[in-house]
Amino acid sequence: MPVRPKDHIEILRPFLPNRYSPLQANGDGKQGVYLTSVPEPLADALIGVIGQAAYFEKLALLSSFPNAPDPEELDDVIWSPDMGLTFKDQVIKARRGQGIFRSNVLLTEEYCRVTHVSDPKHLRASHIKPWKVSNDTERLSGFNGLLLSPHVDHLFDKGYISFSRTEELLIVPDVRDKLLDAWGIDAGVLVGEFNWEQQAFLDYHRSNVFKGEEGTDI
């Protein structure tokens, strides 16, 4: 899906390297640079832009047909039998702008708030306000995301845990009783401060995703 970087420079600009950048700050190419390297965060953002453009064009096309599927159901389309799982995963991530989203989250978050794991290779960029109910801006906003260890991401995504305004981990009782010790999660961990943009998304998560009751001792 060809795109013009200049059309998306507001997204790409934060990931341009200070030296030997392939693009100028306004999105134009640099004629004096030859075979410059593209840093991984910039590559992720570029892939995300390409995927996002293709994804929303596909949605526009599908919406013109009767019985068009819900956007979330597009992941259940029939895939070619010889398509590997890794390739399928990359296509899905690109369609959803995951490259851009993950790169944006990395600008704000440095480690999992619960496990304190800091190596990005072992962390997932998790939406606070779910992707399916977010608008296009919210879907790519780094403030609408947290870096979480995979098992913590599962609990957060399904509403079994959340985070309070007083930096505490909120936990559904059933999970507290059955999973925390088995998964090595410290129920009393202080998860740190969130900025005001993140707090707005967390307010939504506590009210609409979290399955417990905010403010109760659970």
Using 1/(1 + (r/R0)^6) with R0 = 25 angstrom and r between the beta carbons of Asn135 and Arg4, what's the FRET efficiency to the nearest 0.05? 0.60
With equal scatterers on the alpha carbons only and no solvent term, can you work out the Debye log10 of I(q)/I(0) for segment 147-196 at 0.28 1/Å? -1.27
Over 22 Å between C-alpha atoms is what I'm after, so list which of Lys158/Lys178; Lys132/Lys178; Lys6/Lys132; Lys30/Lys121; Lys132/Lys158; Lys121/Lys211 land there. Lys132/Lys178; Lys6/Lys132; Lys30/Lys121; Lys121/Lys211
In nm, to one decimal, how far is the Ser118 label point from the Glu40 one, both placed 7 Å along Cα→Cβ? 1.6 nm
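No value in this document is a laboratory result; all are computed from the given coordinates. None of the values given here were measured: they were computed from a predicted structure. Glycine gets a Cβ as well: all are built from the backbone with ideal geometry, and neighbour counts include every protein chain shown.
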